[in-house]
Amino acid sequence: MSSILYGLVIIVMLSSVDGNIQLNSFDPSFGKAVQPQSVGSPWPMPQVITTTPVTCKLTDQSSFRFYQKTAVSCPVLAQALVRYKEIVFSQLPKPLAKQSEKKQEVTDEAPLPLTGLAVSITDCSELYPSLESLENYTLEVGGNDAVLTAHSAWGALRGLETFSQIVYQSAGSLVVNKTSIVDFPRFAHRGYLVDSSRHFLPVGKLLQFLDAMAYNKMNVFHWHIVDDQSFPYESTTFPYMSEKGAFMSSYVYSQQDVLNVINYARDRGIRVIPEFDTPGHTQSWGSVPNLLTPCADKTGKPTGSYGPVNPMLNSTYDFLAKFFKEIASVFPDQYIHLGGDEVNFACWKSNKDIQAFMTQMGYGQNYSQLEGYYEQRFLDIVEGLKVQPLVWQEVVDNGVKVDIETVVHVWKTPWQSELFNVTKKGYKSLISAPWYLNAAGVSPYRQDWRSIYSVEPLKFNGTQAQKDLVFGGEACMWGEYVDATNLMQRSWPRGCAVAERLWSAETVHDVGKAAPRIAEQRCRMLKRGLQAEPVTGPGFCDVPLGP
């Protein structure tokens with residue numbers, strides 16, 4: 001989407017970005033094979049970057065200024081300037097962070113002094129980022145002050161992240177190569193799904209995850225907040241749902257918790273899209289009277305178990321209207337993910353009342369039509385709330401006629417044919433099928449980030465008009481075997497591979513060139529306090545790992 005706005009560009013990568021290697025791949029003095037690692041290389045790779053061997057030395061932390069050059073009032077940017085100054089200077093050991101006046105090694109050319117980063121934006125009217133928000137920026141490093149220019153605060157945030165990455169430590173000081181960058185995302189939607197239902201994830205862990213997303217320029221936190229296993233969302237309209245549906249009373253996200261996540265994400269230019277999946281994946285919703293379908297055995301006797309949401313009762317839609325009115329008021333994003341996947345028809349088939357309803361409606365034994373009846377009534381409710389729905393692909397695969405503005409989320413394989421079919425029908429689409437990262441990375445001998453990185457989202461047999469409908473994608477971290485103890489490690493830095501694929505130009509796809517850069521990005525995340533696991537083979541990060 002954004003590439004249409006800004007046109008085609010050529011990436012210029014000089015040796016100081018792609019070839020500046022900190023570690024040799026083989027050190028004969030020790031006989032150790034280690035993973036090469038770049039120095040001061042940004043991740044994801046900007047659209048256009050020109051850098052030179054000329055270095056600029058940052059003055060000490062007390063005198064170096066991160067400041068807004070324009071008079072536009074912007075609290076998000078003001079907070080970010082403070083935050084990123086701390087991030088940049090945290091690269092130095094603590095005593096040096098306060099006074100980085102250690103004598104520079106003698107070189108042929110003394111580094112130029114760099115006294116500050118001046119940030120200019122023209123607009124700060126958006127309270128929250130949206131799909132239409134502009135994230136483009138330019139960055140010029142050289143002279144007394146580096147200059148970052150962006151249309152919006154969201155673009156400035158991306159530029160601040162890039163600046164923090166191209167600064168590196170040398171001889172006890174912080175330096176940065178003289179560099180010019182013009183940058184913008186290839187895709188407008190660059191998301192990560194996190195599942196907090198199968199295992200409850202503490203708010204602090206979610207905030208850490210948002211930091212990791214910001215460090216990789218991802219901009220959509222897809223919060224799969226509830227599912228069959230638990231209902232940890234505290235509803236003000238139906239408080240008994242979490243009281244009876246959560247694992248335990250302390251494993252619930254209060255309204256304040258949700259607001260904290262939304263605002264923390266906003267301050268990092270990240271949208272929060274909640275998912276409340278129906279009519280399947282709703283076993284934890286059973287506290288709502290008559291919402292779920294009673295199942296029966298072959299004789300018609302109730303089994304005591306329940307299936308998907310009961311689609312034949314008007315009370316179902318009365319409940320949905322009230323509940324999703326609350327959701328639309330709590331979450332500020334214009335999109336809500338409504339699920340719609342993996343609806344098991346067995347319980348519907350066993351229920352005599354449902355069977356009679358099927359006959360009355362003329363559906364015969366086509367339970368996909370019953371699902372379509374539910375989805376159509378439900379989507380009408382949501383659209384009446386002035387929000388735009390996202391649905392998993394089964395909704396349209398099963399022939400439901402949904403509004404053309406509905407976004408279809410592709411998660412099944414082969415994803416190429418699925419994307420073709422969805423876009424052929426004219427629907428805007430997101431792709432996640434090749435990026436189910438919870439199911440990958442289990443072998444310590446496989447660098448699966450390489451296959452993750454190699455996915456080209458638009459490599460399917462469709463017209464250009466069809467490909468223009470694919471406006472992004474998401475990595476997914478489902479929670480069956482993921483909780484607070486391994487969420488960060490399993491998600492990162494393999495999620496970095498998805499981030500670069502969705503931000504950088506299509507021509508940036510060389511795995512060999514990416515390897516030293518993703519190794520540096522992993523070390524960068526460790527230095528910032530995030531437990532990202534190694535993905536590129538033997539090597540090390542100059543980071544204390546514990547006592």
Practice problem: Kindly establish whether P516 is farther than 24 Å from L430 by Cβ, open to solvent by 40 Å² or more (accessible area, probe 1.4 Å) and either of a type outside the set (K, R) or touching a Lys or Arg at 6+ places or on another chain (Cβ under 8 Å) (or both). | Solution: no
Quiz item: Given the residues G155, G159, G172, G116, which is the only one that is over 20 Å from V48 (Cα atoms), at pLDDT 95 or above and touching a Ser or Thr at 6+ places or on another chain (Cβ under 9 Å)?
Solution: G116
Self-check item: Output for segment 33-80, where each listed residue is outside any loop (DSSP other than H, G, I, E, B), among the hydroxyl-bearing types (S, T, Y) and either crowded, with 22+ Cβ neighbours inside 10 Å or touching a residue at least 60 places away in the same chain (Cβ under 8 Å) (or both)
Solution: S38, T50, T51, T52, T55
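Test K386 against the criterion of being in contact (Cβ under 8 Å) with a residue 24 or more places away in the chain, part of a helix (DSSP H, G or I) and exposed (fewer than 15 other Cβ atoms within 10 Å of the Cβ), and give yes or no.
no
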Quiz prompt | Members of segment 135-174 that are over 20 Å from S90 (Cα atoms), within 22 Å of the chain's Cα centre (by Cα) and either crowded, with 24+ Cβ neighbours inside 10 Å or without any contact (Cβ under 8 Å) to a residue 24 or more places away in the chain (or both) | solution = E135, Y137, A150, S152, A153, W154, G155, A156
Practice problem: Go through segment 268-312 and count every residue that is touching a Cys at 6+ places or on another chain (Cβ under 9 Å) and in contact (Cβ under 8 Å) with a residue 60 or more places away in the chain. | Solution: 1
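Residues are listed down the side, and each one gets a yes or a no for (1) polar (S, T, N, Q); (2) farther than 30 Å from V400 by Cα; (3) in contact with a helix residue (DSSP H, G or I) (Cβ under 7 Å, 6 or more places away or on another chain):
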site: P434; (1), (2), (3): no, no, yes
site: R450; (1), (2), (3): no, yes, yes
site: V455; (1), (2), (3): no, no, yes
site: D483; (1), (2), (3): no, yes, no
site: N486; (1), (2), (3): yes, yes, no
site: Q489; (1), (2), (3): yes, yes, no
site: A497; (1), (2), (3): no, yes, yes
Exercise. Can you work out which of the residues in segment 222-279 that are aromatic (F, W, Y) and in a loop (DSSP other than H, G, I, E, B) is surrounded by the most Cβ atoms within 10 Å (Cβ to Cβ)?
Key: F231
Quiz item: Which condition number does L201 fail, the rest of (1) touching a residue at least 60 places away in the same chain (Cβ under 8 Å); (2) under 21 Å from E132 (Cβ atoms) being met?
Solution: (2)
Exercise. Please specify each residue of segment 422-436 satisfying the condition of being crowded, with 23+ Cβ neighbours inside 10 Å and β-branched (V, I, T).
Key: V422, I431
Self-check item: Which listed residue, of S315, S329, S368, is without any contact (Cβ under 8 Å) to a residue 40 or more places away in the chain, part of a helix (DSSP H, G or I) and surrounded by 14 or more Cβ atoms within 10 Å (Cβ to Cβ)
Solution: S368
Quiz item: Is it true that N290 is out of contact with any Phe, Trp or Tyr (no Cβ under 7 Å at 6 or more places or on another chain) and either assigned to a loop (DSSP other than H, G, I, E, B) or of a type in the set (S, T, Y) (or both)?
Solution: yes
Quiz item: Which one is farthest from K85 (Cα to Cα), of the residues in segment 524-544 that are surrounded by 21 or more Cβ atoms within 10 Å (Cβ to Cβ) and at pLDDT 95 or above?
Solution: A532
Practice problem: Considering only segment 484-511, state which residues are open to solvent by 10 Å² or more (accessible area, probe 1.4 Å) and charged (D, E, K, R). | Solution: R490, E506, D510
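The values are calculated or read from the model by the stated rules, or taken from the named source; none is laboratory data. As the structure is a computational prediction, the values presented were derived from the model and not from experiment. Don't worry about glycine lacking a Cβ; one is built from the backbone with ideal geometry, like all the others, and counts go over all protein chains shown. Each accessible area value is taken on the protein alone, full model and side chains, heavy atoms only, with ligands, DNA and RNA left out. Shrake-Rupley method; radii C 1.70, N 1.55, O 1.52, S 1.80 Å.
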